[in-house]
Amino acid sequence: MSREEMDQLGWDSCDVILVCGDAYVDHPSFGMAVIGRLLEKQGFRVGIIAQPDWNDPTSFTKLGKPNFYFGVSAGNMDSLINKYTADLKVRSEDAYTPNGESDKRPDRAVIVYSQKVREVYKDVPIVIGGIEASLRRIAQYDYWSNQIRRSVLIDSGADILLYGNAERALVDLTHLMAAGRSIHEITDLRGTAILRDSVPNGWTEIDSTRIDWPGHIDVLPNPYEMKEANSESCASDNKKGADDDVMPIKIIPMPLQRKIEHDLDTTCIRLPSFEKVRNDSALYAHASRVLHQESNPYNARPLIQKHGNQEVWVNPPPIPLETDEMDAVFALPYQRVPHPAYGTARIPAYEMIRFSVNIMRGCFGGCTFCSITEHEGRIIQSRSEDSIINEIEEIRDKVPGFTGTISDLGGPTANMYMLKCKSEKILKSCRRLSCVYPGICKNLETSHKHTTSLYRRARDLPGIKRIAIASGLRYDLAVEDPEYVRELVTHHVGGLLKIAPEHTEQNVLSKMMKPGMGTYDRFKRMFDKFSKEAGKEQYLIPYFIAAHPGSETTDMMNLALWLKRQKMRVDQVQTFYPSPMSLATAMYHSERNPLQRMSYKSGRMHIPRDIEERRLQKAFLRYHDERNWPMLREELRRLGRHDLIGKGPNALIPDDDAPQGQVQRPGYQARGRGAPQPGAARNNGKPAQNRASGNSSGSGKANSGANTNTGAGKPAANGQKPAAKHGNKPVAANGGNKPVAANGGNKPAGGAGKPARVRKLK
């Protein structure tokens, strides 16, 4: 963090310097700490420049010139989601900054930091990573400017982009550069994106640049083939001993990819160019669909997208970390506190997660409004039970202020720990976007026995009074294991449990890829039964999203009526936040549904884009708030639903405003602790944290309102919560939010050929 620390360590220079938009907290929930500690273990000297002043060039030179590269990240959250609400209002607090101060990081921090580094050190390689870079690896819709932007790799001027769980990629990259390899020679690491001039010779290119192909396509002749009409002996396909370096590129139209033989190990998919998706929203939706279909690391192919005269080449996603590799990452010597340079300053994100434990990564839910899958992947990466127990004991023994309560054992979701496909063969060939939608896959292991065992063992530890579960629960999975629900409800719910139906209407749920309310009802019956058996008065706190693509005001009205029937008044509500790369964002921009095959004839969906309509839909969620009554009255009258206005038991809102100083409630008076009153979304006396909207129900997010797991609202490096403090050693920043994990990658090789076997992370 400083020259003084380097002098104390006897360093004359750093091998790697990490530049990050977050304050430095040495905790495994902060990606900066994970990457710094990981590289430190590999024997590299790592420096950290946390929240530099981007207007002062000397902020980027204070540690000198690194021997290998600068690693640049916006932090645990996307810098724009961190700063702006879904209504584009500036947030009052930055959870990753000392004392919550705002304006300590620039908008589009990855671009700004990279350009500033380039200004002061023109010849030093720049590696970008983290959630902001990860979700902008190809052309993407940018909600804040309402336009399609180029890949951040181009706009930042960086040399390579690392996306997803990138520990392995970063370790391989650093060792290769330490061995003298130029960063421009390193082209085939999984989980990376680079710039090329063209597709490598000898590769096959699947042409996916259009959506409406002719009804019948014959096998196309090879344009490089030179033979006479009746010759059977000159076909280029029969040449033997051809030099791969001069082999032509084979181009296959997307509809013929299963009909023409080609080598999958040297096949890439060409997406519509930046210029095309910028000008054609249908092609943008198509590109989004293809990207999501190529997300399984075991069968994904490289993607290529032209930007002007440059080609953005995206290598396949990283191979997930094995359990022992996850354990090794979480066993690094984190100090679990902020860096001493911050003194007594409060870092809100750290305060939120300092007593929590992340037990897994990834999410196979596939919610369209959530970007966590595009960052962490669908395959669950779980730690061992011993590793988790060791961390709980470390918190008990080391973290200041610990009183005996672990605030969360979770991750992107509370209950996907150790869940996986029953068949490795099926797993490696699957291209489903979700393992639980439209129904739970028959090949998915749904037993929660490992989670139940973990809860019981953690509860029995000396000095541990309570284990809370604050991460959002996938109740459609939980109902498959009643024993788990009993364990959770009896011992780990402190009165209120967060779950996320997100909506009640099938029209909207189908666009979200969320289960119907029948599953919610089934879970609620189970929850109430086990709460009664335990002698506890407990309630569910459901979360909902307003203004999701496809949502009509009638859908929101029906949702409000459902809330009224349930005697619920929710205060913590979210408006859809179009974060980069999510499928729902593609819907928002294109008005088309990328869950279906794209065509120019595809029907358009309704998009609540106008700010007034977005506020109206949100007002239906808070129909009990008298400030919303005028606009709701006007809309209900427009819909012809005069029966919902008045004083009767079926009325949604009264026919006039409450007298000044009084609060008028339409139709009923909610009774009992369980009818969430305004402000009732609380847990043990503490305000429940808003789910990062869009995220898959991660626990305790720092900035509520973001509805994508793009780091959206989610303060944590791993799909968990924000992270904690740092120790003394100048460890360095990861490119990004979630504790970036392994690049499952091939061996670092310079060529663009077949990825080498995955190397174990040591």
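The values are calculated or read from the model by the stated rules, or taken from the named source; none is laboratory data. Remember, predicted model here, so these are calculated numbers, not experimental data. Neighbour counts run over all protein chains shown; Cβ positions are idealised from the backbone, glycine included.
Below is a table of values for the structure above.
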{"read-out": "The one condition in (1) of a type in the set (Ser, Thr, Tyr); (2) buried (at least 20 other Cβ atoms within 10 Å of the Cβ); (3) modelled with pLDDT of 95 or more that Thr413 fails to fulfil", "value": "(3)"}
{"read-out": "Set Glu445, Glu480, Glu424: member being of a type outside the set (S, T, N, Q) and within 30 Å of Gly550 (Cβ to Cβ)", "value": "Glu480"}
{"read-out": "Residue tally, condition surrounded by fewer than 23 Cβ atoms within 10 Å (Cβ to Cβ), touching a Cys at 6+ places or on another chain (Cβ under 9 Å) and of a type outside the set (Ser, Thr, Tyr), over segment 429-449", "value": "6"}
{"read-out": "Criterion (in the same structural domain as Asp481 (by TED's automatic domain parsing), out of contact with any Pro (no Cβ under 7 Å at 6 or more places or on another chain) and under 24 Å from Arg301 (Cβ atoms)) met by exactly one of Arg431, Arg396, Arg383", "value": "Arg431"}
{"read-out": "Residue count for segment 55-109, restricted to those that are part of a helix (DSSP H, G or I), in contact (Cβ under 8 Å) with a residue 60 or more places away in the chain and polar (S, T, N, Q)", "value": "2"}
{"read-out": "Condition check for Met6: crowded, with 21+ Cβ neighbours inside 10 Å, more than 20 Å from Glu167 (Cβ to Cβ), at pLDDT below 95 and outside the structural domain of Pro580 (by TED's automatic domain parsing)", "value": "no"}
{"read-out": "Candidate set from segment 450-460 (those that are touching a residue at least 12 places away in the same chain (Cβ under 8 Å) and not hydrophobic (A, V, I, L, M, F, W, C)); member that is surrounded by the most Cβ atoms within 10 Å (Cβ to Cβ)", "value": "Thr451"}
{"read-out": "Arg346 surrounded by fewer than 24 Cβ atoms within 10 Å (Cβ to Cβ), more than 20 Å from the chain's Cα centre (by Cα) and not small (Gly, Ala, Ser)", "value": "yes"}
{"read-out": "Test set (1) buried (at least 24 other Cβ atoms within 10 Å of the Cβ); (2) assigned to a helix (DSSP H, G or I) - Glu394 fails condition number", "value": "(1)"}
{"read-out": "Condition check for Ile406: buried (at least 16 other Cβ atoms within 10 Å of the Cβ), touching an Asp or Glu at 6+ places or on another chain (Cβ under 9 Å) and either of a type in the set (Val, Ile, Thr) or not assigned by TED's automatic domain parsing to the domain that holds Asp481 (or both)", "value": "no"}
{"read-out": "Residue match in segment 413-427 (condition: assigned by TED's automatic domain parsing to the domain that holds Gly472, free of Cβ contacts under 8 Å to residues at least 12 places away in the same chain, assigned to a helix (DSSP H, G or I) and out of contact with any helix residue (DSSP H, G or I) (no Cβ under 9 Å at 6 or more places or on another chain))", "value": "yes"}
{"read-out": "Segments classed as helices (runs of 4 or more DSSP H), wholly inside segment 555-644, with at least 1 members that are assigned by TED's automatic domain parsing to the domain that holds Lys511, crowded, with 21+ Cβ neighbours inside 10 Å and touching a residue at least 40 places away in the same chain (Cβ under 8 Å)", "value": "583-590, 611-621"}
{"read-out": "Verdict on Ala658 being among the small types (Gly, Ala, Ser) and modelled with pLDDT under 95", "value": "yes"}
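Let's see how each residue does on (1) under 28 Å from Asp460 (Cα atoms); (2) assigned to a loop (DSSP other than H, G, I, E, B):
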site	(1), (2)
Arg486	yes, no
Thr490	yes, no
Val493	yes, yes
Pro501	no, no
Val508	no, no
Tyr520	no, no
Arg525	no, no
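A quick yes/no check of all residues on (1) at pLDDT below 95; (2) within 24 Å of the chain's Cα centre (by Cα); (3) under 19 Å from Ser13 (Cα atoms):
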{"residue": "Glu40", "(1), (2), (3)": "no, no, yes"}
{"residue": "Pro57", "(1), (2), (3)": "yes, no, yes"}
{"residue": "Asn67", "(1), (2), (3)": "no, no, yes"}
{"residue": "Gly71", "(1), (2), (3)": "no, yes, yes"}
{"residue": "Ala74", "(1), (2), (3)": "no, yes, no"}
{"residue": "Tyr96", "(1), (2), (3)": "no, yes, no"}
